[in-house]
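The structure appears right after this line, and notes come after that.
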Amino acid sequence: MGQRNSTSLHDFILLGFSDHPKLEMALSGVVATFYLITLVGNTAIILASLLDSHLHTPMYFFLRNLSFLDLCFTTSIVPQMLVNLWGPHKTISYGGCVIQLYVYMWLGSIECLLLAVMSYDRFTAICKPLHYLVIMNPHLCLKMIIMVWSISLANSVVLCTLTLNLPRCGNNLLDHFLCELPAMLKIACIDTTAVELSVFALGIAIVLTPLILILISYGYIAKAVLRMKSRAGQRKAINTCGSHLTVVSIFYGAIIYMYLQPGNNASRGQVIFLTLFYTIITPSLNPLIYTLRNKDMKEALKKLMRVDHKSTKSKRTWKS
């Protein structure tokens, strides 16, 4: 225990691609660009769905939560990542690393469960349209969101506590851009099989179980869509469900590859690329996916842009 305590308070050195400075500079530009897209896109979705009364429905309530989650997720990671990419000293304090790890795992778990909740919402809307607003009432929607955030927090506390309690024997070199769980496991100086199995088991509960529920929901949705006589109704259902399925495929694909591998056999390049993919690129794609295939959201964004344009124009007129 004495050795563990003495080594636990060291700052961590984030290696990333420190041996390739040109690659780091190029990567920092990519990260900054996608972060800006994430901020603008998700903020626009939140504002548009709040200001347009036609979008005050359960579907857009959950979409607002997803956008808010993506904003929090990227903001908890990207600023520190850019500092490490641009700065000469690529270090993070022990306390900063602990906070980043807990928040990172918490928010990542929330997205897994939230996507499952959104699939249930689509199942209810398409398979039980006459009872949709009764079933998906505001009270139930709020309870579901609270449950998602609470379960995810518990998962984060268990996994991160297990990982941080592993002795490191003075090793503080993290072969990553951030304090990420697989990278933390690799610097432990004891056998981590038990912890890896715990990560695998909780991964099944947090990742695979929601994914199975999503697939079951879409099995019923597919049957309901095929039975529809209206082509317009079929197109609308396919558009709204297609957006959600695209997000699910991108997000879950990377997560499963990263966390559901006993023994953690992914290579260094794969780990870094996949982490960048689902922490930086996916949150920036979500607004595009949901807006390009959603007519109501497009109209709401147009209204938002018109309001902003009128506001800017009136300010210029008043100043002149």
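Being assigned to a helix (DSSP H, G or I), under 17 Å from the mean Cα position of the chain (by Cα), surrounded by 13 or more Cβ atoms within 10 Å (Cβ to Cβ) and among the polar types (S, T, N, Q), is that true of even one residue in segment 121-141?
Taking every residue of segment 121-141 in turn, none turns out to be assigned to a helix (DSSP H, G or I), under 17 Å from the mean Cα position of the chain (by Cα), surrounded by 13 or more Cβ atoms within 10 Å (Cβ to Cβ) and among the polar types (S, T, N, Q).
When Ser109, Ser156 are checked against the criterion of being over 17 Å from Ala254 (Cβ atoms), in a helix (DSSP H, G or I) and not aliphatic (A, V, I, L, M), a single residue qualifies: Ser156.
Quick check on Gly96: is it over 19 Å from the mean Cα position of the chain (by Cα) and either in a helix (DSSP H, G or I) or within 19 Å of Ile280 (Cα to Cα) (or both)? When the stated conditions are applied, Gly96 passes them. Taken together, Leu142, Leu174, Leu153, Leu166 contain a single residue that is at pLDDT 90 or above and under 22 Å from Ser198 (Cβ atoms), which is Leu153.
Just to verify a result, which residue in segment 188-201, among those that are among the hydrophobic types (A, V, I, L, M, F, W, C) and surrounded by 19 or more Cβ atoms within 10 Å (Cβ to Cβ), is nearest to Leu113 (Cα to Cα)?
Among residues in segment 188-201 that are among the hydrophobic types (A, V, I, L, M, F, W, C) and surrounded by 19 or more Cβ atoms within 10 Å (Cβ to Cβ), the one nearest to Leu113 (Cα to Cα) is Val199.
The values are calculated or read from the model by the stated rules, or taken from the named source; none is laboratory data. All figures in this text were calculated on a predicted structure; none of them were measured in a lab. Cβ sites come from the backbone with ideal geometry, for glycine too, and all protein chains shown count toward neighbours.
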